[in-house]
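Right, one structure below, let's go through it.
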Amino acid sequence: SEVARELGVDHIVRHRRNRGLAAAFLTGLDTALKAGADVIVNTDADNQYQASYIPAITAPVLAGKADIVVGERPIESVPEFSGLKKRLQRLGSWVVRKFSGTDILDAASGFRAFDREAAMKLHVYGKYTYTMETLIQAGAEGLSVMSVPIDVNPQTRESRLVKSSFAYVRRSASTIIRSYAIYRPFRFFAKIAAIPALAGVVLVVRWLYYFWFVTPYESRVPSLVAGAVLILVGIQFLMIAFLAEMISISRRLLSESRFLARQAELDAGSHHS
């Protein structure tokens, strides 16, 4: 914030204490919306992303081709990224693409442009980071997301967010799983239900095979009982999937109400000013 003041930035907002990257991101969106922004650009404080690419990532938003644009870094040619980090970046982006239904190749990139409506719809429940959760939410909300190739600046300092590759992977995996459960609950719990259910069906079919076709017959009741229990567990998870979907419908209705209220509030503020 001190550097921003020295450079004559018009709007500065600062948390009194460190509330985490996700909270800072949401505060930035909210401040930009209140200032009347139609397009919002988010970048990181470590000067990783080249600001000269701001016109490139905002162009699709201004043209109405995308709601969210992500700056795609040249991961393979960034000298500061180790071989392990490059592989983890590719793996993480692949997982996010599968969970979000988007085709973003650099899911961890924080260099992004948002149109006004997308900025009002986005919300982050996690405290660690916003990058992956917002992509999963965007996919679930039907927002149009695309990426634009960008270049990066030489590294000036170590990341204050990523303490180690293991910690980053652990927290990112937790974020992805939680976000998928929030925004696509039926798919999440249905996939969990399929694991014990399929295992149970295999055991039951195996028992029927031995019962009907193998002589002399040998009792395999424990196998049958285990199969029945696993099928029941799968059915229970499927019931949870339906309940979670009902809760998700309520969440979406509340989210839509929040969006409309937020839109009316911001429109009223802009007219007043």
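The values are calculated or read from the model by the stated rules, or taken from the named source; none is laboratory data. Not measured: the values here are computed from a predicted model. No Cβ is skipped: glycine too gets one built from the backbone with ideal geometry, and neighbour counts run over all protein chains shown. SASA here: full protein model, heavy atoms, side chains in, ligands and nucleic acids out. Shrake-Rupley method; radii C 1.70, N 1.55, O 1.52, S 1.80 Å.
Which residue, chosen from Gln236, Ala197, Ser172, occupies the Cα position most advanced towards the positive end of the dipole of region 168-273, where the dipole is computed from +1 (Lys, Arg) and -1 (Asp, Glu) charges on Cβ about the Cα centre? Toward the positive end, the furthest listed residue is Ser172. Dipole magnitude for the chain: computed about the Cα centre from +1 point charges on Lys and Arg Cβ and -1 point charges on Asp and Glu Cβ, it is near 980 debye.
The calculated FRET efficiency for the pair Arg16 and Ala63, based on their C-beta separation and a Förster distance of 35 Å, comes to about 0.35. Quotient of the Cα radius of gyration of region 173-235 and 2.2 N^0.38 Å, N being its number of residues: 1.55.
Quick one: if the Förster radius is 22 Å, what FRET efficiency do Leu84 and Lys127 give, using the C-beta to C-beta distance and rounding to 0.05?
On the way: r = 25 Å, r/R0 = 1.16.
Given R0 = 22 Å and the Cβ-Cβ separation, E is 0.30.
Percent of C-alpha pairs per 5 Å bin in the chain, short distances first: 1, 5, 10, 13, 15, 14, 11, 8, 6, 5, 4, 3, 2, 2, 1, 0, 0, 0. For the peptides 40-52, 106-118, 175-187, 220-232, the ranking by packing is 106-118, 175-187, 40-52, 220-232, with the highest mean count of neighbouring Cβ atoms within 10 Å listed first.
Remark: relative contact order (the chain) = 20 percent; criterion is Cα-Cα distance under 8 angstrom and separation of 6 or more residues. Listed by chain and number, the lysines placed with their C-alpha closer than 19 angstrom to that of Lys98 are Lys86, Lys191; residues fewer than eight positions away on the same chain are left out. Computed from the C-beta positions of Val214 and Met239 and an R0 of 25 Å, the FRET efficiency is 0.10 to the nearest 0.05. Residues Glu133, Glu2 ordered from highest to lowest accessible area at a 1.4 Å probe: Glu2, Glu133. In order along region 69-74, phi translates into HN-Hα couplings of 10, 10, x, 8, 6, x Hz, rounded to whole numbers, per the Karplus curve 6.51 cos²θ - 1.76 cosθ + 1.60 with θ = phi - 60° and x for Gly and Pro.
In summary, the lysines within cross-link reach of Lys127, defined as a Cα separation below 16 angstrom excluding same-chain residues under 8 places away, comprise Lys163. This model, with +1 at the C-beta of Lys and Arg and -1 at the C-beta of Asp and Glu, gives region 117-202 a dipole about its Cα centre of some 380 debye. Could you tell me which residue out of Ser257, Val214, Ile75 lies farthest along the dipole of the chain toward its positive end? Charges go on the beta carbon: Lys and Arg +1, Asp and Glu -1, centred on the Cα centre. So the residue furthest toward the plus end is Val214.
Out of every Cα pair in region 10-57, what percent are spaced more than 16 Å from each other? Value for region 10-57 (Cα pairs over 16 Å): 48 percent.
In terms of packing, defined here as the mean over residues of other Cβ atoms within 10 angstrom, the peptides 149-156, 9-16, 198-205 line up highest first as 198-205, 149-156, 9-16. What you get for region 6-156, charging only the Cβ of Lys and Arg (+1) and of Asp and Glu (-1), is a dipole of about 540 debye around the Cα centre. The Cα atoms of region 82-232 define a convex hull whose projected area, averaged across directions, is 13.6 nm².
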